[in-house]
Amino acid sequence: MIRKFNKREKKVIKKLAMLSFEEMDTFSYFLQCHFFTPKSKMAFIVFPKINQGILYIQNTLFANNEKRKRIYFHFLELISLINYLENLRYISFFRFNDSIGGEMYLMGSEFKNPIMIENQLFLNEEEYFMCPDYSLIYKKENNTVVYRSITIPEGIFEEFLEKYLGIFLVSEELRELVRNDFKTPEEIRFNKQRTIAWIGIGVSVLLGIISVFLAC
């Protein structure tokens, strides 16, 4: 039997199951479209050359200790879920040699078209820029901090580098799991057998009651 999933995990799994083969791309692109969005107030950047993966959280949330911890927990929860699904072979990753040859890999639908100008890294057509050590993201218009960073553990960075930058496939078993409301074939069979057993018990009790009345 598989473990139970919470609402956030089910939401991610449903999005995975909805992907057609034509929509399959790198897993980092999937994360950018569905997880690292302006609504989530997060972004993630992999820097292969310096062996670092950095999670960025919107400054207004970063300042609140509880909210910052909650967002970081949701990030770790996602990584744990993906590992679990991979171990069950519900999803598979395929890395190509040229998939990790770049300077940086940006996952954040709010940030696009990074460009280096005079040793300054700009994001989203110069609307945002990063400080030299990549720890802060500023908005150019008023030069204010909009995102602050958390350097993730080395093991998670390696997960992104080894798997998430490559393409991925979703198994038919995962789609079937969603169609069955997250019940495995074993659970479905067990529930059917349990229902049949309870019906049998009910019929036996009813026949017993009828036989008592007939004896009277």
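The values are calculated or read from the model by the stated rules, or taken from the named source; none is laboratory data. The model shown is predicted, which means the values in this text are computed figures rather than measured ones. Please note: Cβ atoms are built from the backbone with ideal geometry, for glycine as well, and neighbour counts cover all protein chains shown.
Checking each residue in segment 7-39 for being loosely packed, with under 14 Cβ neighbours inside 10 Å, part of a loop (DSSP other than H, G, I, E, B) and either charged (D, E, K, R) or touching a residue at least 60 places away in the same chain (Cβ under 8 Å) (or both) picks out Asp25, Pro38, Lys39. Residues in segment 132-157 that are within 20 Å of Met42 (Cβ to Cβ) and assigned to a loop (DSSP other than H, G, I, E, B): Asp133, Tyr134, Ser135, Ile152, Pro153. Scanning segment 118-155 for residues that are farther than 24 Å from Asn64 by Cα and aliphatic (A, V, I, L, M) yields a count of 2. Of all residues in segment 161-194 being among the β-branched types (Val, Ile, Thr) and modelled with pLDDT of 65 or more, which is farthest from Lys10 (Cα to Cα)? Only one residue tops the list, namely Ile167. Just one of the listed residues (Ile54, Ile2, Ile82) is more than 15 Å from Gly166 (Cα to Cα), of a type outside the set (Asp, Glu), in contact with a Phe, Trp or Tyr (Cβ under 9 Å, 6 or more places away or on another chain) and not in a loop (DSSP other than H, G, I, E, B), namely Ile54.
Hey, does segment 40-48 have a residue that's under 17 Å from Ser28 (Cβ atoms), touching a Lys or Arg at 6+ places or on another chain (Cβ under 8 Å), assigned to a strand (DSSP E or B) and of a type in the set (Phe, Trp, Tyr)? Can you show your working first?
Kept after step one, since they are under 17 Å from Ser28 (Cβ atoms), are these residues of segment 40-48: 40, 42-48.
Okay, now just the ones that are also touching a Lys or Arg at 6+ places or on another chain (Cβ under 8 Å), so none.
No.
Scan segment 127-151 residue by residue and report those that are among the basic types (Lys, Arg) and without any contact (Cβ under 8 Å) to a residue 40 or more places away in the chain. Selection gives Lys139, Lys140. When Phe93, Phe129 are screened for being in a strand (DSSP E or B) and surrounded by fewer than 19 Cβ atoms within 10 Å (Cβ to Cβ), only Phe93 passes.
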